[in-house]
Amino acid sequence: MADNEPRFGTRAVHAGQQPDPTTGAIMTPIYQTSTYAQEGIGVHKGFEYARVSNPTRTALEANVAALEGAEYGAAFSSGVAAIEAVAKLRSAGDHIICGSNVYGGTDRLFRQVLSRLGLDFSFVDTREPQAIEAAIKEETRLILIETPTNPLMHITDIAAAAEIAHARDAWLVVDNTFATPYFQRPLALGADAVVHSSTKYLNGHSDVVGGLVLTSNDELIEGLRFMQKSAGAVPGPMDCWLVLRGTKTLHVRMQAHDRNGRRIAEWLEADDRVQQVFFAGLPSHPQHELAKRQMSGFGGMLSLELGSRERADAFCRATRIFTLAESLGGVESLISVPAAMTHGAVPKELREEMGITEGLVRLSVGIEDVEDLIEDLDRALPR
Ligand code: P1T
């Protein structure tokens, strides 16, 4: 970090934003407009049409770019739209390596949509860098990984994956939704771009669907801006404003998620009603050392194995504070069963082979008082 560069919390609150030049409003206005007046043909203030750019969106893009240590950001209407925009920078015949355990919607987009359009995908367990290396083809142009993964909390060595990608003129793109830039900075480890579902921790309040791509690569940002304009999956100004409000407290919220996540993971691990706990912050996690090396905290996402669909169902029905719902990363605690919900689209055999069983339960631990959360889980866990 340069001497004069503000620290994370200061960037979270201020980056990308100045008091509004016309009124002095401290908060970035919601520029709820589809178009902008031009003085003459081609004479304007830098904004022509809101699919192409909008000042509220520009502020959000600059803000999250500053948090990821990126030069540029491009906002999209959802996390999968952000991932699709990156993948569509590659062309029919190109080969893409994707982690075998990723969000079910990412898997569905690649297997059921983009494969039909001529992109060639390999789904690889990227915990071992050698497995990535082994999947490389002449045509490999993109490697997309999640770390930690949704919902198994697998960790990929980002620096090792970047080295493999760059030896082949491919991009390494990291979905940083779970860790957030507060705990993990993939670009500093060599990744070419970071993608986010801003629906999750970045926004933090479960009231927006959105996505972002952050990069310092000129070719990538040029392509992404072209995708915003040409494919049009852009977020509206109100949603950008909400995410911008969310990122102001990202550092504070992540500290609280992390504190609660660790406490609950330890508590669950010590309870014999739980067969296994998946949380990279536990010393028993097989990749704990790697996680500690490339992350500065672990956040509030964890999974637990209860052994059967019946036990998982009983647990999810019995919690009172943890609400049964898809999504994650909000201030409120949520509980879900990935096999039946977020990862229902992943082919069943692959799901089971990976360990996304019908008894696997995922928790998004919120920032409520942790004693209340533990009491809730204790009451609900089936004997
Ligand atoms: O839902 P959307 O904003 O389109 O983001 C997709 C996405 C991308 N990457 C990761 C790691 C994600 O977890 C998600 C969305 N995930 C859920 C909805 C979920 O409950 O897991």
query: What ranking of 263, 379 emerges when the number of other C-beta atoms within 10 Å of each C-beta is taken as an exposure proxy, fewest first?
result: 379, 263
Translational D in µm²/s for the range 8-247 (Stokes-Einstein at 20 °C, 1.002 mPa s, Kirkwood Rh from C-alpha pairs): 118 µm²/s
query: Taking a ≥ b ≥ c as the square roots of the eigenvalues of the Cα gyration tensor of the range 177-255, is the shape rounded (a/c under 1.5), prolate (a/b larger than b/c) or oblate?
result: oblate
field: Listed residue pairs exceeding 23 Å between alpha carbons, taken from 88/137; 45/248; 88/248
entry: 45/248; 88/248
field: Choice from 286, 19, 235 showing the highest fluctuation, given a GNM over the chain with Cα pairs closer than 10 Å
entry: 19
- line: Per residue, the convex hull enclosing the Cα atoms of the range 1-99 spans a volume in Å³ of 182 Å³
query: Under a plain spin-label model, where a point goes 7 Å from the Cα along Cα-to-Cβ, how far apart in nm are residue 222 and residue 238?
result: 3.7 nm
- prompt: Efficiency by 1/(1 + (r/R0)^6): what FRET value for residue 352 and residue 71, r their Cβ-Cβ distance, R0 = 41 Å, to the nearest 0.05?
  reply: 0.45
query: GNM, the chain, Cα, under 10 Å: largest mean-square fluctuation among 267, 241, 171?
result: 267
- prompt: Where the centre of each part is set by its Cα atoms, how far does the range 283-319 sit from the range 235-259, in angstrom?
  reply: 23 Å
query: When every alpha-carbon pair in the range 250-380 is counted, what percent end up more than 18 Å apart?
result: 53 percent
task: Kindly identify the range 285-356 as rounded, prolate or oblate by the Cα gyration tensor criterion: order the square roots of the eigenvalues as a ≥ b ≥ c, call it rounded if a/c is under 1.5, otherwise compare a/b with b/c, prolate if a/b is larger, else oblate.
output: oblate
message: Tell me whether the range 77-123 comes out rounded, prolate or oblate; compute the Cα gyration tensor, take square roots of the eigenvalues as a ≥ b ≥ c, and use a/c under 1.5 as the rounded threshold.
response: oblate
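Order by neighbour count: 290, 60, 119, fewest other Cβ atoms within 10 Å first, most last. The partial results should precede the final answer.
Numbers: 290 18, 60 31, 119 21.
Fewest to most other Cβ atoms nearby, the residues stand as 290, 119, 60.
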query: Rounded to the nearest 500, what is the chain's calculated 222 nm mean residue ellipticity when only DSSP H runs of at least 4 contribute -39500 (n - 2.57) each, over all residues?
result: -10000 deg cm²/dmol
- prompt: At residue 324 and residue 17, where each label point lies 7 Å from the Cα along Cα→Cβ, what is the point-to-point distance in nanometres?
  reply: 3.8 nm
- prompt: Once phi is turned into θ = phi - 60°, what whole-Hz ³J(HN,Hα) does the Karplus curve with 6.51, -1.76 and 1.60 give for every residue of the range 26-37, x standing for Gly and Pro?
  reply: 5, 8, 4, x, 7, 7, 7, 9, 9, 8, 9, 5
statement: Neighbour-count ranking for 319, 177 (other C-beta within 10 angstrom, fewest to most) reads 319, 177
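Laboratory data are not the source of any read-out in this text; all were calculated from the coordinates shown. Please read these numbers as outputs of a predicted model, since none were measured by experiment. FYI the Cβ positions are ideal-geometry reconstructions off the backbone, even for glycines, and counts take in every protein chain you see.
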